[in-house]
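Notes to accompany the following structure.
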Amino acid sequence: MTAQTPPPVDTLLVVDVQSAFVTGPGAVPGADRLADRTADLIARARAAGALVVHLQNDGPPGAEDAPHTPGWELHHAVVPGPAETVVRKPHDDGFRDTGLGALLDGHGSRAVAVCGVMSEMCVRATARTALDRGHRVVVPYDAHATQDCPAVPGVSDAVPAAVVSRVAAYSLGSDAEVTVPAAAVTFTAPARAGVRGSAG
């Protein structure tokens, strides 16, 4: 679908764009570019009245994204309201043991764009469940990122982060739109815009 603008989505899922992953020595390769892409998606989703959900990973004690540590903080400012919220999550999949599914259902969400980190973990897991729930899913190829996969003697050489991201997206299968650039993603308000719901 790179030759034409795809239909708009009504929900933006911003996955784990937290300080630990986009700033400092632990940042993913191309973190500044990723931050710019996700910031632009958020701004355009807000302007269109789309639902914006910031997923925030609660890492285990001692992890760089453990709750209430500097690395856990969201990189992008949140504008709380009926159409923008934060959902904290304990697993890779943003739907598992959270109120995300009920939140999307309450807004009548039908199509989601998924961006953020890490491509093969939380981004893929969340996108996969969105597909399984019947959502149209767009994963803009230049708005998700991960770390290099390190070499393992006797197993494989190192795999560059860009390759890991591309393979992770393509593993979602033909139902997901994974060759769309972030700039081509457009937004609309969900069917029940302005509905308040618990994100848990």
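Binning all Cα-Cα separations of the range 25-81 at 10 Å, short to long from zero, yields these whole-percent fractions: 20, 45, 31, 5.
Taking ALA158, ALA20, ALA63 as the candidate residues, the one with maximal mean-square fluctuation in a Gaussian network model of the chain, Cα springs under 10 Å, is ALA158. Charge dipole (Cα centre; +1 on Lys/Arg Cβ, -1 on Asp/Glu Cβ; no other charges) of the range 1-79 amounts to roughly 300 debye.
Per residue, the accessible area of the range 54-192 comes to 45 Å² when a 1.4 Å probe rolls over the protein heavy atoms.
Think of the chain as a dipole: +1 on every Lys or Arg Cβ, -1 on every Asp or Glu Cβ, centred on the Cα centre; then among ALA130, GLN147, ALA161, ALA130 lies furthest on the positive end. Residues whose amide H comes within less than 5 Å of that of ASP148, counting only those at least five positions distant or on another chain, are ALA161 (H built at 1.01 Å from N in the peptide plane). Between GLY116 and VAL15, HIS144, ALA145, the built amide H atoms are under 5 Å apart, and every one of these is 5 or more places off in sequence or on another chain.
In whole percent, what relative contact order does the range 51-190 give with Cα contacts below 8 Å and a gap of six or more residues? Before the final figure, lay out the partial values.
Details: 222 pairs, mean separation 27.3, N = 140.
Once normalised by length, the contact order is 19 percent.
Which of VAL28, PHE95, ILE42 sits farthest toward the positive end of the charge dipole of the range 13-117, with +1 on the Cβ of Lys and Arg and -1 on the Cβ of Asp and Glu? Working it through, the farthest residue towards the positive pole turns out to be ILE42.
Ordered from largest to smallest accessible area (heavy atoms of protein chains, 1.4 Å probe), the residues GLU177, GLU120 come out as GLU120, GLU177.
The separation of the range 87-133 from the range 41-82, counted between C-alpha centres, amounts to 13 Å. Close amide H contacts of GLU84 (hydrogens built in the peptide plane, cut-off under 5 Å, sequence separation of 5 or more or a different chain): VAL52.
Looking at the chain, what % of its DSSP beta bridges pair antiparallel, to the nearest 5? The partial results should precede the final answer.
On the way: 4 of 27 bridges.
The antiparallel fraction comes to roughly 15 percent.
Under a model in which nothing but the beta-carbon of Lys, Arg (+1) and Asp, Glu (-1) is charged, the chain shows a dipole of about 620 debye around its Cα centre.
Leaving ligands and nucleic acids out of the surface, order ASP65, ASP175 by accessible area at 1.4 Å, largest first.
Numbers: ASP65 15, ASP175 110 Å².
Descending order: ASP175, ASP65.
A Cα-only calculation for the range 20-138 places Rg and Dmax at 14.0, 40 Å.
Can you tell me the convex hull volume per residue for the range 100-200, based on C-alpha atoms, in Å³ to the nearest whole number? If you can, show how the numbers build up before the last one.
Values: hull volume 10.9 nm³, N = 101.
Each residue corresponds to 108 Å³ of Cα convex hull volume.
In the range 76-200, carbon and sulfur make up what percent of the accessible area (probe 1.4 Å)? Kindly include the intermediate steps, with their values, before the conclusion.
Numbers: 3250 of 5760 Å².
That share works out to 56 percent.
Residue-wise HN-Hα couplings along the range 49-54, as the Karplus relation 6.51 cos²θ - 1.76 cosθ + 1.60 with θ = phi - 60° gives them from phi, are x, 6, 6, 10, 10, 8 Hz; Gly and Pro carry x.
Report the far tail of the P(r) of the chain, meaning the percent of Cα-Cα pairs longer than 29 Å.
On the way: 3360 of 19900 pairs.
Percent of Cα pairs beyond 29 Å in the chain: 17.
The values are calculated or read from the model by the stated rules, or taken from the named source; none is laboratory data. Computed from a prediction, not measured in an experiment: that's the story for all the values here. Because the Cβ atoms are built from the backbone with ideal geometry, glycine has one as well, and the counts that use them run over all protein chains shown. We work out accessible area using only protein heavy atoms, side chains counted, and drop any ligands, DNA or RNA first. Shrake-Rupley method; radii C 1.70, N 1.55, O 1.52, S 1.80 Å.
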